[in-house]
1. Quick check: anything in segment B:102-110 surrounded by fewer than 20 Cβ atoms within 10 Å (Cβ to Cβ), over 26 Å from residue C:31 (Cα atoms) and more than 8 Å from chain C (Cβ to nearest Cβ)?
2. Can you tell me which of (1) touching a strand residue (DSSP E or B) at 6+ places or on another chain (Cβ under 9 Å); (2) at pLDDT 85 or above is the one residue C:176 doesn't meet?
3. Could you look through segment C:135-163, keep only residues that are of a type outside the set (A, V, I, L, M) and buried (at least 22 other Cβ atoms within 10 Å of the Cβ), and pick out the one that is farthest from residue C:111 (Cα to Cα)?
4. Out of A:77, A:57, A:86, report the one residue that is at the interface with chain C (Cβ under 10 Å from one of its Cβ atoms), modelled with pLDDT of 90 or more and surrounded by fewer than 23 Cβ atoms within 10 Å (Cβ to Cβ).
5. With respect to residue B:129, is the statement that it is farther than 16 Å from residue B:21 by Cβ, among the hydrophobic types (A, V, I, L, M, F, W, C) and either surrounded by fewer than 22 Cβ atoms within 10 Å (Cβ to Cβ) or out of contact with any Pro (no Cβ under 9 Å at 6 or more places or on another chain) (or both) true?
6. I'd like the residue in segment A:23-52 that is more than 7 Å from chain C (Cβ to nearest Cβ) and either touching a Cys at 6+ places or on another chain (Cβ under 6 Å) or among the charged types (D, E, K, R) (or both) and, out of all such residues, is nearest to residue A:64 (Cα to Cα).
7. Going by what's in this entry, would residue C:62 be described as within 12 Å of chain B (Cβ to nearest Cβ), in contact with a Leu (Cβ under 9 Å, 6 or more places away or on another chain), modelled with pLDDT under 90 and surrounded by fewer than 22 Cβ atoms within 10 Å (Cβ to Cβ)?
8. I need the helices (runs of 4 or more DSSP H) fully contained in segment B:1-83, keeping only those with at least 2 residues that are closer than 14 Å to residue B:101 by Cβ and among the aromatic types (Phe, Trp, Tyr).
Amino acid sequence: MLHDLFTPSVQHSLDLVGIFVFAISGALMAVRKNFDVFGMAVMAEVTAQGGGLLRDLIIGAVPPAAFSDLGYFSMPLVATVIVFFLHPHVERIQGAINVFDAAGLGLFCVTGTIKASEYGLSLTSSVVLGMATAAGGGVLRDILANEVPSLLRWDRDLYAVPALVGATLAAVFIAFDVLNGATIGVAVVTGFVLRLLAMRYHWRAPRAWNRRSSAAEEPS
Amino acid sequence: MLHDLFTPSVQHSLDLVGIFVFAISGALMAVRKNFDVFGMAVMAEVTAQGGGLLRDLIIGAVPPAAFSDLGYFSMPLVATVIVFFLHPHVERIQGAINVFDAAGLGLFCVTGTIKASEYGLSLTSSVVLGMATAAGGGVLRDILANEVPSLLRWDRDLYAVPALVGATLAAVFIAFDVLNGATIGVAVVTGFVLRLLAMRYHWRAPRAWNRRSSAAEEPS
Amino acid sequence: MLHDLFTPSVQHSLDLVGIFVFAISGALMAVRKNFDVFGMAVMAEVTAQGGGLLRDLIIGAVPPAAFSDLGYFSMPLVATVIVFFLHPHVERIQGAINVFDAAGLGLFCVTGTIKASEYGLSLTSSVVLGMATAAGGGVLRDILANEVPSLLRWDRDLYAVPALVGATLAAVFIAFDVLNGATIGVAVVTGFVLRLLAMRYHWRAPRAWNRRSSAAEEPS
């Protein structure tokens, strides 16, 4: 089932980095919502593991990596401790959440696509699952924080498109059988940089026809 | 595992129709919440696939149909495009959401019950899973929209009972071995019409003893 | 796969009791939120089954017990009927929710840990999954009620730590091969009593450094 697209240790390392940066984003959100240290740990774990857990359940990889690999579980706890003691001044938190979140987005859309493909899903389905892996944790984070997921809001900068581009690049590399450390890096960095650019230049997606004129008055 | 209760192509077509109408309902909710076009696509996918995805994970049908069948995935995108350009004036949206949602409810409670039964669950469990298939997508839609699921609210018209009746009819037809296109149609239409009647005549379920008198003052 | 740690009937009975008390807690929350009787049943089912369902999906025990065992499914309906007719006066509801929730917490953190271990997870992963089993239903309950999960809030008394202690005790008993009715009882009661003490004496966890001084002004 698992044909050797690239070494497991590379996948593993990338996953750990992605988990760490998403966990930082979750723990910072917990600080912003004024949760306690256990709430921070839960938010870190859910944000970091949520997308991958969903992916593993969908492709039938049980028990999911989140529960079979102690590294996956420990990383968010490390992130929680770091954020607990060192989190920046409150007004700078949102920016930090966004940058870490962008890095996780770039990493997870690529590793999610690759893992789904390894489990036999079609390339199109793999791209969708890669996007779900990348965005799922953040959506769960926002649901736990009782906020409308920022993925969905029109007044937030593009989030799904960078993940879509990164995941599609990975799928193209798989299709042409040129997936390796360098091409993976290209796909990850493309997703990450596109997300940073989307935030920097406030790229936004249109809303439904006839809704735009009434945007200003909309409460949420 | 899959004994031939009725042809797979009938199940498939009904599923596609149910996915389409639920997707319309999800995309319209996204318009009402003022989400952008990607938020519309996510809401359409989640509303349409959520219940079936839950069902497939529970019965162990992995990868779920949502990820192994491109038709399942494409249908909500078609619905998103239609709603994007053609959605009715804002004040008429809620009515349209409700009618499409009722059609999806009728279809999914029946196909969910049948698929669960095909995977070996008892008829009672199949009815429960049929209801979960039908209601799950709408609950996820409301959670993503950061609203109390309308399934739960006392001031909303009956939702679970039409699904229960449709699913139970399907289970009875399975038990008496008379499941076919006509009986499936009867079960689907029964669920759909009951839901429409519940909305037309504002059928409501009682709340807990001693709560009724204080209904008017309740804030939520 | 299933080595005989203790008799299945003991596990089954404990699960049923845990399901019942969590279901009471879910139905009472539904009363507080003014849901109708079907909303009460859904909240009872989700609160009672949510954690176990998540656990079973993660360890690959499909179909989950919630759908293969009619007792698991019926118990929340019994709880719904009881709460429907006999729920205490509104001002006493929150206290009752909390005590029943504590009992469910103690039971589920232990049975979740044991079942995860039986399915081959490491003891550490089993403890984590035991905590998720215990806390998962309550988190889903709060999400459905559109509230910030009380698990995460700094102004709520310790919740995760009692579950952690109960689950760890169970794991230690498994490691030393002394798991039996008496030791299980010790673990369950320890988790339950710790949670009651946490509520009685308002034990709380710290928040992130530098956040404590600004606690009073925080809006959420």
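1. no
2. Answer for residue C:176: the failing condition is (1).
3. Ranking the candidates gives C:154 first.
4. Only one candidate qualifies: A:57.
5. For residue B:129, the condition - farther than 16 Å from residue B:21 by Cβ, among the hydrophobic types (A, V, I, L, M, F, W, C) and either surrounded by fewer than 22 Cβ atoms within 10 Å (Cβ to Cβ) or out of contact with any Pro (no Cβ under 9 Å at 6 or more places or on another chain) (or both) - is not met.
6. Result: A:45.
7. Criteria met by residue C:62.
8. Those helices (runs of 4 or more DSSP H) span B:8-32.
The values are calculated or read from the model by the stated rules, or taken from the named source; none is laboratory data. Not measured: the values here are computed from a predicted model. Counting neighbours? That spans all protein chains shown, and the Cβs are built from the backbone with ideal geometry, glycine included.
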